[in-house]
1. Could you calculate the contour length gain from residue 82 to residue 112, that is, 0.36 nm times the residue separation minus the distance between their Cα atoms, to one decimal place in nm?
2. Using a cut-off of 19 Å between alpha-carbon atoms, which lysines can reach residue 168, once sequence neighbours fewer than 8 places away in the same chain are excluded?
3. Please report, in whole Å, how far the alpha carbons of the chain spread along each principal axis, starting with the longest.
4. If you count only protein heavy atoms with a 1.4 Å probe, what accessible area per residue comes out for the chain, rounded to a whole Å²?
5. Springs between alpha-carbon pairs under 10 angstrom, Gaussian network model over the chain: which of 146, 234, 61 fluctuates most?
6. Quick one: which of 67-78, 125-136, 164-175 comes out on top by average Cβ neighbours within 10 Å, and what's the full order, highest first?
7. In segment 51-128, what percent of the accessible surface is made up of carbon and sulfur (1.4 Å probe, ligands and nucleic acids excluded)?
8. Among the lysines, which have Cα under 20 Å from the Cα of residue 71 when same-chain residues fewer than 8 positions away are ignored?
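The values are calculated or read from the model by the stated rules, or taken from the named source; none is laboratory data. None of these values were measured; they are calculated from a predicted model. Positions of Cβ are generated from backbone atoms using ideal geometry, with glycine treated the same way; all protein chains shown enter the neighbour counts. We work out accessible area using only protein heavy atoms, side chains counted, and drop any ligands, DNA or RNA first. Shrake-Rupley method; radii C 1.70, N 1.55, O 1.52, S 1.80 Å.
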Amino acid sequence: NKAMANTLTQNVILRGTSGITGYIIPSTGSLQIAKIYPVADSTTALQIMKANGTTPVLVTDTTNLRIGIGKTPTEPLDVSGNIKGSGYLELNEMTEPGAGAADTARIYAVANGSLTDIRVRAYGEAGQRIALCGRENTFTKTQGFDIVSIGNSGTSKTIDWTAGNKQKMTLTGNCEVSFTDPASTASLILVLTQDATGSRTVTWSGMTVKWAGGVAPTLSTAASSIDIVTFLYDVGADVYYGSYSSAFAAVS
């Protein structure tokens with residue numbers, strides 16, 4: 001009514017088609033609500049729907065202490081859709097959970113001595129620790145890195161080491177090679193393949209490279225021959241330490 005448009009000072013009873021469904025209890029000031037609660041607990045005790053009256057926006061299960069966004073909840077907070085926030089998500093340490101339902105994964109925190117581990121457990125698998133860069137990590141399976149193909153060299157090529165630690169290219173001309181540095185100290189591998197002509201050369205330009213023995217690589221000259229050049233990049237010194245192996249081929 002008109003009086004309620006400015007100040008809510010009395011209890012409001014919510015009535016549905018089958019009787020009383022809940023109450024709104026006002027606070028002491030204008031338009032402040034202290035409590036909203038149903039007459040009886042249920043799994044869909046309080047609901048906010050879209051205008052069609054059937055699509056849930058917010059569903060409160062007061063029986064099991066659950067809230068659903070876009071759905072009837074089956075967990076304490078159950079969301080249908082993406083979650084976006086401007087703050088952080090804080091996880092308390094817990095015991096190892098079960099695997100959950102098919103096609104799901106659970107992320108959680110567990111104690112590891114004086115540290116806290118972040119783990120993920122996918123359906124059908126044991127929990128696995130997420131590797132954190134600031135810690136020593138042990139991997140029980142092979143960790144793979146894609147080898148990035150950067151195509152033909154032409155006579156000038158800049159290799160962007162931010163694109164991958166392992167890269168390969170085909171030498172199609174006498175090529176001046178320069179680097180885009182990786183963001184941190186890294187081990188790098190470059191595979192060089194001669195084209196059908198062969199005898200292509202490489203000069204290294206625009207960065208400091210210190211070669212094993214102080215000698216830059218002399219590449220294989222045969223057509224389609226393969227050489228591998230490896231680097232350790234020291235970001236603090238901004239230096240590449242290079243070595244190479246040549247003429248990779250199957251045993252004849």
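1. Here the segment from residue 82 to residue 112 would lengthen by 7.8 nm.
2. Within the straight-line limit of under 19 Å, residue 168 reaches these lysines: 157.
3. Its Cα atoms span 92, 43, 36 Å along the three principal axes.
4. Working: 16760 Å² over 252 residues.
Value for the chain: 66 Å² per residue.
5. Looking only at 146, 234, 61, the biggest GNM fluctuation is shown by 61.
6. Details: 67-78: 14.8, 125-136: 10.4, 164-175: 17.9.
So the order, starting with the most tightly packed, is 164-175, 67-78, 125-136.
7. Ligands and nucleic acids excluded, carbon and sulfur reach 53 percent.
8. Here the lysines satisfying the reach criterion relative to residue 71 are 50, 84.
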